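**Q** Got a structure for you, written out below as structure tokens; questions coming shortly.
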Amino acid sequence: MLCLGITGGIGSGKSYVSRIFTALGIPVYEAEIQTKWLYGRDERLKQALTFLLGADIFKDGQLQKELMAAKIFADPILLEQVNQLVHPAVIRDFTDWKTQQDAPYVVIESAIILETPFASVANKMLTVSSPVALRLQRIYGRDQAGVEDAQRRMDRQWSDAMREARSDFIIYSDGKKPLLPQILQVHQEMITLNIHI
């Protein structure tokens, strides 16, 4: 089964675009949400993270996200070690999920798919691009306290230009160009690709 990767920076509108694919009957795997779920459910991952980060990283079975962030963002080597544990667990989970789907293709959504091994599961890549000022405005509208954090996350992530250079499709979420015709065009191309496999 074909897989379309959807990526874009924080506030770009990639989750909204993914919801439209869902409305079109295409199953969507939201990597960030599933990763949070795996932190609490995947015993192998929990044990590996506990061994690497210490016994206090989980409390009552829940990952202490602030503690993990404090540890890994201060230490690039530790961050890479955590990624080497988390990314394979997410790919395993995605692969299992994909085998249970019945559709012309599936979608995996992730802000960092192009920077990680997740890219290997996608046959085609779509970037949702949006001007930085508009992205910050959207973030402010939903979480006023989160704008500074969002700016820091933007600074750590790839730029739209970098994502676009590695993508097969680009959807512009700029408030000017209608989204639905862009999405329907990608949807039709993915269905056509599926027919010709």
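The values are calculated or read from the model by the stated rules, or taken from the named source; none is laboratory data. Everything quoted here is computed from the prediction, not taken from an experiment. For neighbour counting, all protein chains shown are included, and Cβ atoms are generated from backbone atoms with ideal geometry for every residue, glycine included.
**Q** Failed condition for SER167, given (1) within 30 Å of PRO76 (Cβ to Cβ); (2) surrounded by fewer than 12 Cβ atoms within 10 Å (Cβ to Cβ), with all others met?
**A** Result: SER167 passes all but (2).
**Q** Looking only at the stretch 54-94, count how many residues are surrounded by 13 or more Cβ atoms within 10 Å (Cβ to Cβ), under 13 Å from LYS36 (Cα atoms) and either small (Gly, Ala, Ser) or in contact with a strand residue (DSSP E or B) (Cβ under 6 Å, 6 or more places away or on another chain) (or both).
**A** Count: 1.
**Q** Let me ask you something else. Only residues that are free of Cβ contacts under 8 Å to residues at least 60 places away in the same chain and either of a type in the set (S, T, N, Q) or under 19 Å from SER18 (Cα atoms) (or both): list them for the stretch 94-107, please.
**A** THR95, THR99, GLN100, ASP102
**Q** From the set of residues in the stretch 25-53 that are free of Cβ contacts under 8 Å to residues at least 12 places away in the same chain and over 19 Å from ILE108 (Cβ atoms), which is surrounded by the most Cβ atoms within 10 Å (Cβ to Cβ)?
**A** This residue is THR50.
**Q** Still on this structure: Within the stretch 16-57, which residues are part of a helix (DSSP H, G or I), over 22 Å from GLN100 (Cβ atoms) and either modelled with pLDDT under 95 or not assigned by TED's automatic domain parsing to the domain that holds GLU189 (or both)?
**A** TYR16, LYS46, GLN47, ALA48, LEU49, THR50, PHE51, LEU52, LEU53, ALA55, ASP56, ILE57
Table: residues versus (1) in contact with a helix residue (DSSP H, G or I) (Cβ under 8 Å, 6 or more places away or on another chain); (2) assigned to a helix (DSSP H, G or I); (3) buried (at least 19 other Cβ atoms within 10 Å of the Cβ); (4) modelled with pLDDT of 70 or more.
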position: VAL107; (1), (2), (3), (4): yes, no, yes, yes
position: LEU114; (1), (2), (3), (4): yes, yes, yes, yes
position: PHE118; (1), (2), (3), (4): yes, yes, yes, yes
position: LEU126; (1), (2), (3), (4): yes, no, yes, yes
position: ALA133; (1), (2), (3), (4): no, yes, no, yes
position: LEU136; (1), (2), (3), (4): yes, yes, no, yes
position: ALA145; (1), (2), (3), (4): no, yes, no, no
position: GLU148; (1), (2), (3), (4): no, yes, no, no
position: ARG153; (1), (2), (3), (4): no, yes, no, no
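**Q** Here is a follow-up. Could you please tell me which pairs satisfy a Cβ distance under 7 Å, a separation of 6+ or placement on different chains, a first residue in the stretch 161-190 that is of a type in the set (A, V, I, L, M, F, W, C), and a second residue that is surrounded by 13 or more Cβ atoms within 10 Å (Cβ to Cβ) and assigned to a loop (DSSP other than H, G, I, E, B)?
**A** As it stands, the answer is LEU179/SER173; MET190/PRO104, since those pairs meet every condition given.
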